[in-house]
1. Alpha carbons only, please: Rg and Dmax for segment 10-84, in angstrom.
2. Suppose all protein chains stay in the model; what accessible area per residue would a 1.4 Å probe give for the chain, in Å²?
3. Among Ile90, Ile67, Ile36, which one shows the biggest mean-square fluctuation in a GNM of the chain, springs joining Cα atoms closer than 10 Å?
4. Pop out the ³J(HN,Hα) list for segment 34-39 in order, Karplus 6.51 cos²θ - 1.76 cosθ + 1.60 with θ = phi - 60°, rounded to Hz; leave Gly and Pro as x.
5. Answer with a single label: of [x] 17.0; [y] 18.6; [z] 16.3, which was calculated as Kirkwood radius over Cα pairs in Å from the structure in view?
6. Quote the FRET efficiency, to the nearest 0.05, computed for Asp160 versus Ile80 with a Förster distance R0 of 22 Å and r equal to the Cβ-Cβ distance.
7. Got the relative contact order for the chain handy, in percent, Cα pairs under 8 Å and 6 or more residues apart?
8. Leaving ligands, DNA and RNA out of it, work out the accessible area of His65 with a 1.4 Å probe and give it in Å² to the nearest 10.
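The values are calculated or read from the model by the stated rules, or taken from the named source; none is laboratory data. As the structure is a computational prediction, the values presented were derived from the model and not from experiment. Ideal geometry is used to build each Cβ from the backbone, glycine not excepted, and the neighbour counts take in all protein chains shown. All accessible areas refer to the heavy atoms of the entire protein, side chains included, with ligands and DNA or RNA removed. Shrake-Rupley method; radii C 1.70, N 1.55, O 1.52, S 1.80 Å.
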Amino acid sequence: MNYNLFEFFSSLEDPRRGQGQRHHLSNIITIVIMAILTGEQGFRGFSRFAKSNAEELNAVLKMKHGIPGYNTIRSALISIEEDTLVKAFIKWTQNYLPEITDDEFVALDGKAIKVTTTGGNTSQQNFVSVVNAFGHKSGIVYGMQPFENGKSGEGQALRDLVEKLGIKNVVFTLDA
(Lines give C-alpha, C1' and ligand atoms only; values in the text may rest on other atoms or scores of the structure.)
Protein backbone atom coordinates (compact mmCIF):
# COMPACT_ATOMS: atom_id res chain seq x y z
CA MET A 1 0.00 0.00 0.00
CA ASN A 2 1.35 3.43 -0.92
CA TYR A 3 1.07 5.90 1.98
CA ASN A 4 1.60 9.12 0.05
CA LEU A 5 1.76 11.89 2.65
CA PHE A 6 2.52 14.47 -0.03
CA GLU A 7 -0.86 13.56 -1.58
CA PHE A 8 -2.46 14.56 1.71
CA PHE A 9 -0.56 17.87 1.87
CA SER A 10 -1.58 18.65 -1.71
CA SER A 11 -5.24 18.06 -0.88
CA LEU A 12 -5.29 20.74 1.83
CA GLU A 13 -7.03 23.98 1.00
CA ASP A 14 -4.56 26.86 1.18
CA PRO A 15 -6.06 29.57 3.44
CA ARG A 16 -3.61 32.23 2.24
CA ARG A 17 -4.79 34.78 -0.28
CA GLY A 18 -3.70 33.93 -3.81
CA GLN A 19 -2.14 37.29 -4.71
CA GLY A 20 1.63 37.16 -4.48
CA GLN A 21 1.68 33.52 -3.41
CA ARG A 22 4.95 32.00 -4.65
CA HIS A 23 5.13 28.70 -2.76
CA HIS A 24 2.62 25.86 -2.62
CA LEU A 25 1.38 25.07 0.88
CA SER A 26 2.20 21.40 0.29
CA ASN A 27 5.87 22.25 -0.30
CA ILE A 28 6.04 24.38 2.84
CA ILE A 29 4.47 21.67 4.99
CA THR A 30 6.78 19.05 3.49
CA ILE A 31 9.82 21.19 4.35
CA VAL A 32 8.52 21.73 7.90
CA ILE A 33 7.91 18.00 8.46
CA MET A 34 11.39 17.18 7.15
CA ALA A 35 12.89 19.87 9.39
CA ILE A 36 11.09 18.50 12.45
CA LEU A 37 12.34 14.98 11.65
CA THR A 38 15.91 16.32 11.70
CA GLY A 39 15.39 17.95 15.10
CA GLU A 40 14.66 21.53 14.06
CA GLN A 41 12.10 23.52 16.03
CA GLY A 42 10.30 26.78 15.39
CA PHE A 43 10.07 29.02 12.37
CA ARG A 44 13.78 29.94 12.41
CA GLY A 45 14.78 26.29 12.62
CA PHE A 46 12.50 25.41 9.71
CA SER A 47 13.96 28.26 7.67
CA ARG A 48 17.52 27.22 8.59
CA PHE A 49 16.78 23.66 7.44
CA ALA A 50 15.33 24.90 4.14
CA LYS A 51 18.40 27.05 3.42
CA SER A 52 20.83 24.27 4.38
CA ASN A 53 19.11 21.79 2.08
CA ALA A 54 18.07 24.16 -0.71
CA GLU A 55 19.67 22.22 -3.55
CA GLU A 56 18.11 18.87 -2.59
CA LEU A 57 14.70 20.40 -1.79
CA ASN A 58 14.59 22.23 -5.12
CA ALA A 59 15.52 19.05 -6.97
CA VAL A 60 12.75 17.03 -5.30
CA LEU A 61 9.99 19.64 -4.87
CA LYS A 62 10.74 21.57 -8.08
CA MET A 63 10.02 24.99 -6.57
CA LYS A 64 9.89 27.64 -9.27
CA HIS A 65 10.75 30.50 -6.90
CA GLY A 66 13.37 28.75 -4.79
CA ILE A 67 13.20 27.96 -1.11
CA PRO A 68 10.58 29.73 1.06
CA GLY A 69 12.07 32.05 3.66
CA TYR A 70 11.29 32.59 7.31
CA ASN A 71 8.36 34.97 6.74
CA THR A 72 6.73 32.71 4.15
CA ILE A 73 7.02 29.64 6.37
CA ARG A 74 5.72 31.55 9.38
CA SER A 75 2.72 33.09 7.60
CA ALA A 76 1.77 29.79 5.95
CA LEU A 77 1.84 27.84 9.22
CA ILE A 78 -0.01 30.54 11.16
CA SER A 79 -2.76 30.60 8.53
CA ILE A 80 -3.57 26.89 8.92
CA GLU A 81 -6.57 26.17 11.15
CA GLU A 82 -5.64 23.38 13.58
CA ASP A 83 -9.10 21.77 13.59
CA THR A 84 -9.28 21.78 9.79
CA LEU A 85 -5.86 20.13 9.55
CA VAL A 86 -6.71 17.48 12.16
CA LYS A 87 -10.04 16.60 10.49
CA ALA A 88 -8.41 16.36 7.06
CA PHE A 89 -5.57 14.22 8.43
CA ILE A 90 -7.96 11.82 10.17
CA LYS A 91 -10.02 11.51 6.98
CA TRP A 92 -6.86 10.81 4.95
CA THR A 93 -5.46 8.24 7.42
CA GLN A 94 -8.78 6.38 7.54
CA ASN A 95 -8.19 5.45 3.89
CA TYR A 96 -5.16 3.44 5.02
CA LEU A 97 -6.34 1.99 8.32
CA PRO A 98 -7.19 -1.68 8.50
CA GLU A 99 -10.81 -2.35 9.34
CA ILE A 100 -11.35 -2.26 13.09
CA THR A 101 -12.68 -5.67 14.05
CA ASP A 102 -15.10 -6.44 16.88
CA ASP A 103 -12.34 -8.20 18.85
CA GLU A 104 -10.14 -5.06 18.91
CA PHE A 105 -9.46 -3.25 22.16
CA VAL A 106 -8.98 0.53 21.82
CA ALA A 107 -7.08 2.30 24.60
CA LEU A 108 -8.20 5.86 25.27
CA ASP A 109 -5.67 7.95 27.16
CA GLY A 110 -4.75 11.55 27.81
CA LYS A 111 -1.47 13.36 28.44
CA ALA A 112 -0.78 16.91 29.57
CA ILE A 113 1.84 18.84 27.64
CA LYS A 114 4.03 20.22 30.43
CA VAL A 115 5.52 23.24 28.67
CA THR A 116 2.08 24.71 27.95
CA THR A 117 1.22 25.37 31.61
CA THR A 118 0.01 28.85 32.51
CA GLY A 119 -1.31 30.19 35.79
CA GLY A 120 1.15 28.35 38.06
CA ASN A 121 -0.38 27.03 41.26
CA THR A 122 -3.50 29.17 41.07
CA SER A 123 -7.09 28.11 40.53
CA GLN A 124 -6.74 29.59 37.03
CA GLN A 125 -4.07 27.09 35.99
CA ASN A 126 -4.44 26.00 32.37
CA PHE A 127 -2.50 23.60 30.17
CA VAL A 128 -2.90 21.89 26.82
CA SER A 129 -3.55 18.16 26.85
CA VAL A 130 -3.93 15.53 24.17
CA VAL A 131 -6.14 12.44 24.20
CA ASN A 132 -5.62 9.55 21.80
CA ALA A 133 -7.14 6.28 20.67
CA PHE A 134 -4.70 3.36 20.29
CA GLY A 135 -5.51 -0.14 18.98
CA HIS A 136 -4.08 -2.87 21.24
CA LYS A 137 -3.96 -5.53 18.52
CA SER A 138 -3.24 -3.37 15.49
CA GLY A 139 -0.66 -1.16 17.23
CA ILE A 140 -2.08 1.85 15.40
CA VAL A 141 -2.96 5.25 16.83
CA TYR A 142 -6.37 5.88 15.30
CA GLY A 143 -6.50 9.55 16.24
CA MET A 144 -5.65 12.35 18.65
CA GLN A 145 -7.62 15.29 20.03
CA PRO A 146 -6.06 18.33 21.78
CA PHE A 147 -7.95 20.27 24.46
CA GLU A 148 -7.27 22.90 27.12
CA ASN A 149 -8.24 21.91 30.65
CA GLY A 150 -9.45 25.45 31.34
CA LYS A 151 -12.02 25.15 28.55
CA SER A 152 -13.09 21.48 28.63
CA GLY A 153 -12.25 18.18 30.26
CA GLU A 154 -10.57 14.94 29.23
CA GLY A 155 -13.86 13.04 29.23
CA GLN A 156 -15.48 15.39 26.72
CA ALA A 157 -12.35 15.36 24.53
CA LEU A 158 -12.41 11.53 24.50
CA ARG A 159 -16.12 11.48 23.54
CA ASP A 160 -15.42 13.98 20.75
CA LEU A 161 -12.50 11.87 19.49
CA VAL A 162 -14.48 8.61 19.46
CA GLU A 163 -17.35 10.34 17.65
CA LYS A 164 -15.00 11.93 15.10
CA LEU A 165 -13.31 8.59 14.41
CA GLY A 166 -16.61 6.72 14.14
CA ILE A 167 -15.30 3.75 16.14
CA LYS A 168 -18.09 1.40 17.23
CA ASN A 169 -18.55 -2.16 18.47
CA VAL A 170 -15.15 -2.41 20.16
CA VAL A 171 -14.00 -2.60 23.75
CA PHE A 172 -12.56 0.69 25.00
CA THR A 173 -10.02 0.72 27.81
CA LEU A 174 -9.24 3.73 29.98
CA ASP A 175 -6.85 4.43 32.81
CA ALA A 176 -7.64 6.34 35.99
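1. Cα only, segment 10-84: 11.7, 33 Å (Rg, Dmax).
2. Values: 11550 Å² over 176 residues.
On a per-residue basis, 66 Å².
3. Comparing Ile90, Ile67, Ile36 in a Gaussian network model of the chain, the most mobile one is Ile36.
4. My calculation for segment 34-39 gives 5, 5, 4, 5, 9, x Hz in order.
5. Answer label, from the structure shown: [y].
6. Details: r = 20 Å, r/R0 = 0.91.
The pair Asp160/Ile80 has a calculated efficiency of 0.65.
7. On the way: 204 pairs, mean separation 29.3, N = 176.
Computed over the chain, the figure is 17 percent.
8. 80
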